[in-house]
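Visitor: First the structure, which I've put down as structure tokens, then a few questions once you've had a look.
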Amino acid sequence: MSNIHDLGGPANLWLPSKAQPIHLTWADLEGRYSNVTWLFTGYIAQGFTTMIAGPPGMGKSFLTMAWCKTLIYGGTWPDGTEYVQPIEDAGILWVETEGGEPLNIPRAKQMGIGTDRIHTIYTKETDGNPVNLMAKETLDIITRVAGYPNIVAIVVDSLSGGHNANENERGLVRSFRLLPRLQQRPTSPCF
């Protein structure tokens, strides 16, 4: 079998999970994914993960905060398109893993973002220290808060700061599985 047409067309495409992989083209899959809702066309899709990556100090958090402002209040995206936020009290869940609140709270205020619109994870135990994405309790509360009806986006700043493990450790894998769990909420993109 070389492509979808050898299977009898798109109706037979979705095989049981234990089926052997098959070769397809994106044209074969196009109809399956045509219902994606873009909040910022080409950059932020509703219910998907958007990753902003780069070296420290390049403005990733600043850019993300600017995008969050648009997601919270509505406004104009960098390409000039308008975005209208349908939820009056929209908020963001900002999971800070590098202790950046001393920088990001003033940034939010300077950008005109009400700090009551940015939710975070905090415990007496961490007392302002970075959140550990490897802790089951942390993942559970993130998932719970992400489910609040007014949360319109989830930001994890940053994935690399949320653990102290090597990339092959079981706990780290569990923390990265957080992203698809959050994406199951079709109304919120995850950064």
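Visitor: Can you work out ³J(HN,Hα) from phi for every residue in the stretch 93-107, in order, using Karplus 6.51 cos²θ - 1.76 cosθ + 1.60 and θ = phi - 60°, giving whole Hz and x for Gly and Pro?
Guide: 3J(HN,Hα) across the stretch 93-107, in whole Hz: 9, 9, 9, 8, 10, 10, x, x, 4, x, 8, 7, 5, x, 4.
Visitor: Mind giving me the FRET efficiency for Thr143 and Ser34? R0 is 22 Å, r the Cβ-Cβ distance, nearest 0.05 is fine.
Guide: 0.15
Visitor: Quick one: what are the phi-derived ³J(HN,Hα) couplings along the stretch 142-150, Karplus 6.51/-1.76/1.60 with θ = phi - 60°, whole Hz, x for glycine and proline?
Guide: Per residue, the Karplus-derived 3J(HN,Hα) values read 4, 4, 5, 5, 4, x, 4, x, 8 Hz.
Visitor: Amide H to amide H under 5 Å from Leu133: which residues, 5+ apart in sequence or cross-chain, H placed 1.01 Å off N in plane?
Guide: The answer is His163.
Visitor: Now a separate question. Any idea how far apart Thr76 and Met58 come out in nm if each label point goes 7 Å out from Cα toward Cβ?
Guide: With each label point 7 Å from Cα toward Cβ, the separation is 2.7 nm.
Visitor: Amide H of His119 versus every other amide H placed in the peptide plane: which residues, excluding those fewer than 5 positions away on the same chain, fall under 5 Å?
Guide: Ile92, Leu93, Trp94
Visitor: Among 110-122, 56-68, how do they line up from the highest to the lowest mean number of other beta-carbon atoms within 10 Å?
Guide: 56-68, 110-122
Visitor: Continuing with the same structure: Which of the peptides 141-152, 88-99, 71-82, 32-43 is most tightly packed, and how do the rest follow, going by the mean number of other Cβ atoms within 10 Å of each residue?
Guide: Values: 141-152: 15.8, 88-99: 19.2, 71-82: 13.6, 32-43: 11.5.
So the peptides 141-152, 88-99, 71-82, 32-43, ranked by packing, come out 88-99, 141-152, 71-82, 32-43.
Visitor: Continuing with the same structure: 7 Å from Cα along Cα→Cβ at both Gln85 and Leu103: what's the point-to-point distance in nm?
Guide: About 2.3 nm separates the two model spin labels.
Rule-based calculations on the coordinates, nothing more; no lab input. Note that the structure is predicted; figures quoted are calculated from it, not measured. Every residue, glycine as well, gets a Cβ built from its backbone with ideal geometry; the counts of neighbours run over all protein chains shown.
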